[in-house]
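Beneath this line is the structure, given in structure tokens, with notes to follow.
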Amino acid sequence: MTAGIVVESLTKTYRGGKVRALDGVSLEIRPGEVFGVIGPNGAGKTTLMGCMLGLLRPDSGTVAVDGRSPDDLGVHAITGYLPERLMFDRWMSGRDFLRYHHALALQPDAARDGEVAGLLEQVGLTAEDAAKKVKAYSRGMLQRLGLAQALVARPRYLYLDEPTSGMDPVGAIMARRIVDDLARRGTTVVINSHQLEQVERLCTRVAFVKDGRVESVEVPAAGASAARVLLIRTAAPVPAGVDPGRVVAAAGGSLAGSTETSLRVEVPDDEAAAKVLAALVGAGVRIIEAVPETGRLERLFLEGPGGAA
Amino acid sequence: MNWTIVRTTLRERMAGRGRWFSLVILFGMPLLWAGLLPAGTDSFSSMWMNALLIWLVGAGVIGEEVSSGTILLVLSRPVSRSEYVFSKWIALACATAGVLAVQAVAIAAIAGWRGHPVEAVALVRQVLEAVFRAFGASAVVVMFSALVPGAKEMSVMMFTWLGGTLLGLLGQWKQWTAVTLGGGEVTSFMLPALDLGPLFGGGGFTWSGPVGYLSTVTLALAVAVWWLNRKELSYAGS
């Protein structure tokens with residue numbers, strides 16, 4: 001049995017085959033991984049999540065969660081899901097809604113009140129909020145309630161479709177902390193999001209989906225052996241007579257761009273990064289800051305896989 | 001059977017004021033008539049008043065959850081689609097059986113008060129028939145609710161019943177036996193009932209009644225499960 005989520009050659013069409021939402025998608029999401037799925041609207045992200053959850057039936061291909069079909073009720077018991085569209089039972093109070101899902105998730109009756117109170121606190125909903133009918137909730141409150149609902153069964157697999165959409169910054173930070181905490185405890189998290197900065201911070205790997213295909217799988221937080229771009233800020237322009245391109249190349253990097261007081265340098269690993277910085281300092285460049293460049297996913301989004309090195 | 005869904009469905013059915021209003025009207029009208037019409041008249045406790053009550057209480061029992069999308073989260077839990085359908089049916093059937101049983105007892109009490117007491121055996125028969133009617137018609141409501149989104153099944157059911165009635169009348173008028181039988185089948189499918197007369201009042205018992213009733217209920221629930229199993233539940237692609 002393969003642990004984690006394995007998607008193989010998944011194809012899904014709508015409207016009698018006229019709209020191809022997924023076109024031979026293959027992915028492997030390892031247990032305990034926080035995996036992001038990004039891509040433009042209509043790329044197939046939500047369809048992919050629907051197939052992983054067993055709510056949609058693929059035309060061909062397979063999805064296996066811990067080696068089992070996503071339709072398997074045993075898989076449902078270890079799964080949490082926050083949909084993008086927050087379609088909750090509006091006539092219930094927030095607390096009753098969580099109690100309902102706690103019971104549906106086959107959690108013990110005796111633990112219900114305590115666990116629901118804990119979840120409400122975790123997502124920042126007060127006792128007063130919990131007593132209100134869901135129909136009186138703001139978008140941000142619904143998002144918090146939805147997140148609590150997704151966590152109700154202490155899932156081993158958590159699917160979040162735009163988890164911070166409509167949340168204020170405090171809510172977004174709270175959601176990020178919850179995902180960080182779950183990841184530390186070994187929960188596998190799949191996140192569909194347009195919030196690229198958030199995906200970059202949270203996810204260990206990110207799939208870029210376009211036109212129903214996985215264009216690339218990126219590692220946003222590059223490790224020691226991974227290539228990345230350094231943004232180097234200088235206190236003054238590069239001294240006359242120094243060719244930064246040549247200095248950087250001699251140290252094992254390559255100059256990707258420059259302004260009067262900044263350089264963008266591609267380095268293959270940490271070792272090269274240290275050499276490049278030392279070479280530039282040795283050449284008289286007054287470096288005041290060198291940081292790995294963020295926004296890589298943003299460029300991936302705008303330029304496609306080829307332009308996001 | 002999932003008792004969490006049964007309990008929540010009962011609470012949800014009772015949460016809307018409009019449904020309460022309809023329920024009070026459809027519960028009260030037969031009582032009013034029992035008190036006002038000449039003693040012995042039974043027109044408003046007829047099967048079709050009962051059917052209307054069951055249809056109104058059950059309108060949208062599955063279809064509204066499909067339209068609003070709340071079913072998505074329920075079925076992402078360890079709940080099978082057949083379990084979901086059966087739980088909805090049991091919730092609806094128990095609620096309406098209770099209401100119809102109380103109504104039958106109240107009508108008997110009014111008849112007794114007006115000097116026409118109903119025998120205990122006859123009352124038990126009426127209550128049991130009402131309960132079977134509730135379970136039968138609830139299965140049909142659940143089927144239509146699974147097939148039709150929102151609470152539109154009410155109009156579909158009305159038209160189906162009307163169509164069956166007109167077909168039966170046309171058959172009688174033209175003396176087309178097959179058409180008359182077809183119309184009768186449609187109308188009796190819409191409100192499966194079990195005549196307990198042979199059990200209580202003597203007479204020849206035949207299996208055709210119970211078999212017909214059970215097959216209608218089974219067919220309705222099977223269609224609901226089959227349809228829901230085929231259904232894709234996601235807002236993707238919409």
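Per the accessible-area calculation with a 1.4 Å probe, the total area buried between chain B and chain A rounds to 3000 Å².
Mind checking the per residue accessible area of region B:3-230 for me, 1.4 Å probe, whole number of Å²?
Details: 10700 Å² over 228 residues.
Ligands and nucleic acids excluded, the result is 47 Å² per residue.
Near the amide H of residue A:256, within less than 5 Å, lie the amide hydrogens of A:264, A:265, A:266, all on another chain or at least 5 residues away, with H placed in the peptide plane. Dividing the mean sequence gap of close Cα pairs (under 8 Å, 6+ apart) by how many residues region B:3-230 holds gives a relative contact order of 23 percent. Relative to the longest principal axis of the Cα atoms of chain B, helix B:153-174 runs at roughly 50 degrees. Each residue of region B:100-116 was assigned a 3J(HN,Hα) from its phi angle through the Karplus expression (A = 6.51, B = -1.76, C = 1.60, θ = phi - 60°), giving 5, 5, 4, 4, 4, 5, 5, 4, 5, 5, 5, 4, x, 5, 8, x, 10 Hz with x at Gly and Pro.
Given the protein assembly as shown, what percent of its DSSP beta bridges are antiparallel, to the nearest 5? Mind dumping the intermediate values first?
On the way: 36 of 53 bridges.
DSSP beta bridges in the protein assembly as shown are roughly 70 percent antiparallel.
Distances between placed amide hydrogens fall under 5 Å for residue A:210 paired with A:215, all partners being 5 or more residues away or on another chain.
Please list B:123-133, B:149-159 highest first by mean number of surrounding beta-carbon atoms within 10 Å per residue. Show your work: numbers first, answer last.
On the way: B:123-133: 19.7, B:149-159: 16.6.
Final packing ranking: B:123-133, B:149-159.
Within straight-line reach of residue B:152, meaning a Cα separation under 24 Å, sit the following lysines at least 8 residues removed in sequence or on another chain: A:135, B:88, B:231. A straight Cα-to-Cα reach below 24 Å connects residue A:210 with the lysines A:12, A:18, A:45, residues fewer than 8 places away in its own chain not being considered. Close amide-amide hydrogen proximity is noted between residue A:161 and A:82, A:84, A:192, each under 5 Å apart and 5 or more residues distant or on a separate chain (H modeled in the peptide plane; Pro and chain starts excluded).
Work out the mean other chain Cβ neighbour count within 10 Å for the residues of A:10-21 and drop it here as an integer. Before the final figure, lay out the partial values.
Details: counts 0, 0, 3, 1, 4, 1, 0, 0, 0, 1, 0, 2.
Mean partner shielding for this stretch: 1.
The sum of -39500 (n - 2.57) across all DSSP H runs of n ≥ 4, divided by the residue count of the protein assembly as shown, sets its helix-only mean residue ellipticity at 222 nm to -16500 deg cm²/dmol. Scalar couplings 3J(HN,Hα) for region A:188-195, obtained by applying the Karplus form with A = 6.51, B = -1.76, C = 1.60 to θ = phi - 60°, are 8, 10, 10, 10, 9, 7, 9, 7 Hz; x denotes Gly and Pro. Nearest 10 degrees, 0 to 90: what angle lies between the long axis of helix A:94-104 and the longest principal axis of chain A (Cα atoms)? Once rounded, one gets 80 degrees.
Set the Förster radius R0 to 30 Å, insert the Cβ-Cβ distance between residue A:11 and residue B:227 as r into 1/(1 + (r/R0)^6), and round the FRET efficiency to 0.05. The computed FRET efficiency comes out at 0.80. With both labels modelled 7 Å from their Cα along Cα-to-Cβ, the residue A:270 to residue B:172 distance reads 9.1 nm.
Between residue A:242 and residue A:93, residue separation times 0.36 nm minus the direct Cα-Cα distance comes to 46.8 nm.
Against chain B, whose longest principal axis is taken from its Cα atoms, helix B:177-190 shows a tilt of about 70°. Residues of region B:6-41 that lose at least 20 Å² of accessible area (1.4 Å probe, protein heavy atoms only) when the other protein chains are present, relative to their chain alone, are B:8, B:11, B:12, B:15.
The values are calculated or read from the model by the stated rules, or taken from the named source; none is laboratory data. Values in this document were obtained by computation on a predicted structure and should not be read as measured data. Methodologically, a virtual Cβ is constructed for each residue, glycine included, from the backbone with ideal geometry; neighbour enumeration extends over all protein chains shown. Heads up: the accessible areas ignore ligands, DNA and RNA and are worked out on the full protein's heavy atoms, side chains in. Shrake-Rupley method; radii C 1.70, N 1.55, O 1.52, S 1.80 Å.
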